[in-house]
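Enquirer: This is the structure I want to talk about, given as structure tokens.
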Amino acid sequence: MAEEIQLDPKDWDELRELGHQMLDDIFRYLQTVREKPAWVEIPNEVKAHFREPVPRAPQDPKAIYEEFLAKILPYPLGNTHPRFWGWVTGTGTPLGMLAEMLAAGMNSNVGGAEHIATYVELQVIDWFKEVFGFPRDSSGILVSGASIANLLGLIVARNVAIGNSVRDTGIQNVEKQLTAYCSVETHSSVQRAMEVMGLGNRALRQIPITADKRIDVNTLEAVILEDKAKGYQPFALIGNAGTTNTGAFDSFSDLADLAERYGLWLHVDGAFGALVNLAPSLRHLTYGIERAHSLAFDMHKWLHIPHEAGCILFKDKYAHHSSFAMQSDYLFHHTKGTSSADIWLGDYGIQLSRSFRALKVWMSIKEHGIERFGDSIKRNVDQANYLKQLIDSAPQLQLLAPVSLNIVCFRYYDASVTDTKLNDLNQMILIELQRSGIAVPSSTIVDGNYAIRVAITNHRSQYTDFDLFIDKVLQVGQDLLQKFA
Ligand SMILES: *Cc1c(COP(=O)(O)O)cnc(C)c1O
């Protein structure tokens, strides 16, 4: 008789040994990440390596691992490095990594059924209700990130506004066109959510900001009234806890008041900023956030949970559940046995099969406790101010926006160079910093000027990293300046 096919290892000892090797290697990698460049350009031949035909015959795991060491591990994004400050990206933690491994070992599917992963996820959600002052009987779910969390929030907001019959009829037949409101600084994922929902991004009214980069609530109210008068149906306000450009916080109490006055849903996008709630000296920024109907935030940014991990909380658990719950013959819930769970998380979002994200969150929060996470967030904010001081004391550097929270936008400056050429110069400086592996800031445009943007959501950054960074900026800037003089 032919041997039965099996995907488990033929020799468990051999794979176990390889596994131990992998663990040793990746621990050494994380422990020495500071000694490596923050980013490495991928050689073309390495990219070409990933254009092979599909493997048809088995390969030796050891050889595959060697390939990983040679062709994959050396070319990461760099966000585990202490001088990675690009976009808004978390750093990850070693225990979080181990939790991912354990979760993959259990290979739980947290879409439903009676098994422990659901209870771990509900525990984690309860912790965040406590953190953000949401009532105990609120609900929530872990998702891939704030993009999906924003989408879920707006879907429930819409269904509450026009009734769950929209699940049957879609938005083809709505009497009045739905409109939502946010500031011009709002993250593009909110626009995408409106597009995905079929409402279209024009139905997202982007309201101007005041000098402190918060949504202008007076204009907001005027636009709502105008829309109502024109026959639109406003359904949601979206507030920002930490905008991507400048880390600004809208006034949640003003937004909540408006939401109450006009019967609107208040959704808060707190992707990274909401987590300042964990730092007592920054908590005031989130004042009123507990009045939101839904709150989206990420755990893979300022909580350093390995990607992906986002979350959304809903005050109204019925509204949440009834927007997504499905019934089907093959998902029958018995009162006993494997299908007996009361809560099937697959009924609270878009995904049915879901990974055991909660394990890495549960382990990480236990490992450090939320206060230490808060301290780490506060330190990043202090580091942003330290960086500002370094910039202020260097005549060749110019701050382009007030430092708010953890984001510093600046440029290299020379009075003899025009603004247009300064834009080119700073772009070259940024690219040189990245290509040399010194540091990875990203860029943005502030009042028409190209800015080097440093967003610090990195628990590995130390104060000396900013000294070194500024030294290099000055050096690179001076070298490149010759070309523009
Ligand atoms: C990162 C971010 C998002 C999107 O979150 P993902 O986790 O990338 O899906 C949304 N809003 C803000 C303010 C963000 O910073």
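The values are calculated or read from the model by the stated rules, or taken from the named source; none is laboratory data. As the structure is a prediction and not an experimental result, all values here were calculated from the model. Positions of Cβ are backbone-derived with ideal geometry, glycine not excepted, and every protein chain shown enters the neighbour counts. Just so you know, the surface numbers come from the protein's heavy atoms only, side chains and all, with ligands and any DNA or RNA stripped out. Shrake-Rupley method; radii C 1.70, N 1.55, O 1.52, S 1.80 Å.
Enquirer: Would you mind stating whether Ala401 is in a loop (DSSP other than H, G, I, E, B), within 19 Å of Lys213 (Cβ to Cβ) and open to solvent by less than 80 Å² (accessible area, probe 1.4 Å)? Talk me through it step by step, then tell me what you get.
Expert: Numbers: in a loop (DSSP other than H, G, I, E, B): yes; within 19 Å of Lys213 (Cβ to Cβ): yes; open to solvent by less than 80 Å² (accessible area, probe 1.4 Å): yes.
In short, yes.
Enquirer: If you don't mind, another one. Can you spot a residue in region 114-128 that is among the charged types (D, E, K, R) and within 16 Å of the ligand (Cβ to nearest atom)? Give the derivation first.
Expert: Step one: filter region 114-128 for residues among the charged types (D, E, K, R), giving 114, 121, 126.
Next, only the ones that are within 16 Å of the ligand (Cβ to nearest atom) stay: none.
Within region 114-128 (the criterion being among the charged types (D, E, K, R) and within 16 Å of the ligand (Cβ to nearest atom)), the answer is no, since none of the residues qualifies.
Enquirer: Among the numbered criteria (1) more than 16 Å from the ligand (Cβ to nearest atom); (2) closer than 24 Å to Met326 by Cβ; (3) of a type in the set (Gly, Ala, Ser); (4) in contact with a Leu (Cβ under 8 Å, 6 or more places away or on another chain), which one does Ala203 miss?
Expert: (2)
Matching residues to (1) part of a helix (DSSP H, G or I); (2) open to solvent by 10 Å² or more (accessible area, probe 1.4 Å); (3) within 15 Å of Trp85 (Cα to Cα); (4) modelled with pLDDT under 95:
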{"residue": "Asp375", "(1), (2), (3), (4)": "yes, yes, no, no"}
{"residue": "Asp382", "(1), (2), (3), (4)": "yes, yes, yes, no"}
{"residue": "Ser416", "(1), (2), (3), (4)": "no, yes, no, yes"}
{"residue": "Ile438", "(1), (2), (3), (4)": "no, yes, yes, no"}
{"residue": "His459", "(1), (2), (3), (4)": "no, yes, yes, no"}
{"residue": "Thr464", "(1), (2), (3), (4)": "yes, yes, yes, no"}
{"residue": "Leu468", "(1), (2), (3), (4)": "yes, yes, yes, no"}
{"residue": "Gln475", "(1), (2), (3), (4)": "yes, yes, no, no"}
{"residue": "Gln482", "(1), (2), (3), (4)": "yes, yes, no, yes"}
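Enquirer: Same structure again: Residues in region 240-259 that are closer than 30 Å to Phe410 by Cα and not in a strand (DSSP E or B): how many? Explain how you work it out, then say what you get.
Expert: Filtering region 240-259 for residues closer than 30 Å to Phe410 by Cα gives 240-252.
This time we only want the ones that are not in a strand (DSSP E or B), so: 242-248, 250-252.
Going through region 240-259 one residue at a time, the tally reaches 10.
Enquirer: What's the total number of residues in region 62-92 that are hydrophobic (A, V, I, L, M, F, W, C), open to solvent by 50 Å² or more (accessible area, probe 1.4 Å) and closer than 26 Å to Glu45 by Cα?
Expert: Here is the first cut: in region 62-92, the residues hydrophobic (A, V, I, L, M, F, W, C) are 63-64, 68-70, 72-73, 77, 84-85, 87-88.
Okay, now just the ones that are also open to solvent by 50 Å² or more (accessible area, probe 1.4 Å), so 63-64, 68-70, 72, 77, 87.
Those left that are additionally closer than 26 Å to Glu45 by Cα: 63-64, 68-70, 72, 77.
Residues flagged as hydrophobic (A, V, I, L, M, F, W, C), open to solvent by 50 Å² or more (accessible area, probe 1.4 Å) and closer than 26 Å to Glu45 by Cα within region 62-92 amount to 7.
Enquirer: Scan region 129-138 residue by residue and report those that are assigned to a helix (DSSP H, G or I) and either free of Cβ contacts under 8 Å to residues at least 60 places away in the same chain or open to solvent by 10 Å² or more (accessible area, probe 1.4 Å) (or both).
Expert: If the condition is that a residue be assigned to a helix (DSSP H, G or I) and either free of Cβ contacts under 8 Å to residues at least 60 places away in the same chain or open to solvent by 10 Å² or more (accessible area, probe 1.4 Å) (or both), then Lys129, Glu130, Val131 are the ones that fit.
Enquirer: Every residue in region 440-457 that is touching a Lys or Arg at 6+ places or on another chain (Cβ under 8 Å), surrounded by fewer than 23 Cβ atoms within 10 Å (Cβ to Cβ) and not β-branched (Val, Ile, Thr), please.
Expert: If the condition is that a residue be touching a Lys or Arg at 6+ places or on another chain (Cβ under 8 Å), surrounded by fewer than 23 Cβ atoms within 10 Å (Cβ to Cβ) and not β-branched (Val, Ile, Thr), then Ser442, Ser443, Asn449, Tyr450 are the ones that fit.
Enquirer: Still on this structure: Is region 110-128 home to any residue that is outside any helix (DSSP H, G or I), of a type in the set (S, T, N, Q) and in contact with a Gly (Cβ under 9 Å, 6 or more places away or on another chain)?
Expert: Going residue by residue through region 110-128, those that are outside any helix (DSSP H, G or I) are 110-115.
Imposing the further condition that a residue be of a type in the set (S, T, N, Q) reduces the set to none.
Within region 110-128 (the criterion being outside any helix (DSSP H, G or I), of a type in the set (S, T, N, Q) and in contact with a Gly (Cβ under 9 Å, 6 or more places away or on another chain)), the answer is no, since none of the residues qualifies.
Enquirer: Counting only residues that are at pLDDT 95 or above and in a loop (DSSP other than H, G, I, E, B), how many does region 10-39 have?
Expert: Residues meeting the conditions: 6.
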